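Novice: This is the structure I have questions about; it appears just below.
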């Protein structure tokens with residue numbers, strides 16, 4: 001295991017792998033505004049111990065990947081989708097099982113729609129439909145909207161950034177379980193200290209789509225597992241249900257009282273579900 005900065009098409013992306021490269025590959029795609037650290041090392045090691053070659057990476061403007069000048073990101077959502085392909089190419093992986101969380105789940109859907117040959121299966125966690133269609137889905141909770149609306153647009157100091165991110169993690173947890181503030185604070189502080197420019201992640205909030213796939217979700221032809229917390233404040237459970245309904249053969253695993261993201265209390269259940277979903281077909 002070692003971090004590795006790859007340069008593909010002139011783009012520097014920081015990646016890290018776990019496990020044996022001969023095992024079935026699993027590409028982890030984090031949500032926007034978050035580095036690969038949010039795929040926690042313990043979680044990655046559990047997947048690798050189950051016989052998977054696990055790859056995580058920093059999106060542009062997060063962690064140690066390429067960082068752009070303030071207000072001038074110079075890339076689109078379509079470029080972030082293409083970055084997943086770049087990471088696979090750099091690791092000599094023709095196609096992988098793709099696991100995306102939050103907006104990373106939307107990127108995973110777009111990857112399957114626009115680069116179908118690169119995706120062996122999908123696991124979509126705490127996310128929503130990347131392509132419009134079907135009935136209107138419920139909005140975020142009032143608490144979530146209040147927190148996001150009150151966010152300070154100014155550039156705070158590092159300590160204030162940590163406090164804000166910990167508070168945000170608390171809101172995302174959904175409020176039905178005890179919140180491990182110490183663990184959240186440690187993760188956030190490491191994320192802030194590791195980044196070239198932590199504030200650059202704000203670019204993700206202003207991205208244009210670019211040339212993304214326009215096909216309906218019903219055209220996704222790979223096995224798809226949707227994992228969703230029943231207390232998700234950003235995307236209420238109906239979002240996960242809609243995904244499972246719109247993607248042919250989609251299955252839903254609902255995590256009782258889980259919020260948005262991958263909580264340590266759910267690692268065992270999520271890892272077991274991913275391992276089962278990505279298990280090699282014994283029939284060949």
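The values are calculated or read from the model by the stated rules, or taken from the named source; none is laboratory data. Quantities reported herein were computed from a predicted structural model and do not represent experimental measurements. Here the Cβ positions follow ideal geometry from the backbone for every residue, glycine too, while neighbour counts run over all protein chains shown.
Novice: Has the stretch 216-234 got at least one residue that is under 17 Å from the mean Cα position of the chain (by Cα), assigned to a helix (DSSP H, G or I) and either within 27 Å of residue 173 (Cβ to Cβ) or free of Cβ contacts under 8 Å to residues at least 12 places away in the same chain (or both)?
Specialist: First, the residues of the stretch 216-234 that are under 17 Å from the mean Cα position of the chain (by Cα): 224-229, 232-234.
Among the residues that remain, those that are also assigned to a helix (DSSP H, G or I) are: none.
The answer is no; no qualifying residue exists.
Novice: Further, regarding this structure: Of the conditions (1) over 16 Å from residue 106 (Cβ atoms); (2) surrounded by 13 or more Cβ atoms within 10 Å (Cβ to Cβ); (3) modelled with pLDDT under 95; (4) out of contact with any helix residue (DSSP H, G or I) (no Cβ under 7 Å at 6 or more places or on another chain), residue 159 satisfies every one except a single condition; which number is it?
Specialist: (2)
Novice: Which one is farthest from residue 107 (Cα to Cα), of the residues in the stretch 12-34 that are surrounded by fewer than 21 Cβ atoms within 10 Å (Cβ to Cβ) and touching a helix residue (DSSP H, G or I) at 6+ places or on another chain (Cβ under 6 Å)?
Specialist: Selected residue: 33.
Novice: Working only within the stretch 254-274, note down all residues that are surrounded by 18 or more Cβ atoms within 10 Å (Cβ to Cβ) and not in a loop (DSSP other than H, G, I, E, B).
Specialist: In the first step, residues of the stretch 254-274 are kept if they are surrounded by 18 or more Cβ atoms within 10 Å (Cβ to Cβ); the result is 255, 258-263, 266, 270-271, 273-274.
The answer is 255, 266, 270, 271, 273, 274.
Novice: Return the pairs, sorted by first residue and then second, in which the second residue is outside any strand (DSSP E or B) and surrounded by fewer than 18 Cβ atoms within 10 Å (Cβ to Cβ), the first residue lies in the stretch 106-134 and is free of Cβ contacts under 8 Å to residues at least 12 places away in the same chain, the beta carbons are less than 7 Å apart, and the residues are 6+ apart or on different chains.
Specialist: That search, which allows pairs on different chains as well, returns nothing.
Novice: Further question on the same structure: Would you please name the residue that is surrounded by the most Cβ atoms within 10 Å (Cβ to Cβ), looking only at residues in the stretch 90-101 that are touching a helix residue (DSSP H, G or I) at 6+ places or on another chain (Cβ under 9 Å) and farther than 17 Å from residue 220 by Cβ? Break it down into steps so the answer makes sense when it comes.
Specialist: Pass one, the stretch 90-101, residues touching a helix residue (DSSP H, G or I) at 6+ places or on another chain (Cβ under 9 Å): 93-101.
Now drop any that are not farther than 17 Å from residue 220 by Cβ, which leaves 93-94, 101.
Details: 93: 20, 94: 10, 101: 24.
Only one residue tops the list, namely 101.
Novice: Looking at (1) assigned to a helix (DSSP H, G or I); (2) free of Cβ contacts under 8 Å to residues at least 24 places away in the same chain, can you tell me which one residue 179 breaks?
Specialist: (1)
Novice: A further question on this structure: Limited to the stretch 275-284, what total is found for residues that are assigned to a helix (DSSP H, G or I) and either touching a strand residue (DSSP E or B) at 6+ places or on another chain (Cβ under 8 Å) or surrounded by 13 or more Cβ atoms within 10 Å (Cβ to Cβ) (or both)?
Specialist: At the first step, the residues of the stretch 275-284 found to be assigned to a helix (DSSP H, G or I) are 275-277.
Checking the rest, the ones that are also either touching a strand residue (DSSP E or B) at 6+ places or on another chain (Cβ under 8 Å) or surrounded by 13 or more Cβ atoms within 10 Å (Cβ to Cβ) (or both) come to 275, 277.
The total comes to 2.
Novice: Now a separate question. Look at residue 243 and say whether it is in a strand (DSSP E or B), touching a strand residue (DSSP E or B) at 6+ places or on another chain (Cβ under 9 Å) and surrounded by 15 or more Cβ atoms within 10 Å (Cβ to Cβ). Spell out the reasoning first.
Specialist: Values: in a strand (DSSP E or B): no; touching a strand residue (DSSP E or B) at 6+ places or on another chain (Cβ under 9 Å): yes; surrounded by 15 or more Cβ atoms within 10 Å (Cβ to Cβ): yes.
Spelling it out, it is not the case that residue 243 is in a strand (DSSP E or B), touching a strand residue (DSSP E or B) at 6+ places or on another chain (Cβ under 9 Å) and surrounded by 15 or more Cβ atoms within 10 Å (Cβ to Cβ).
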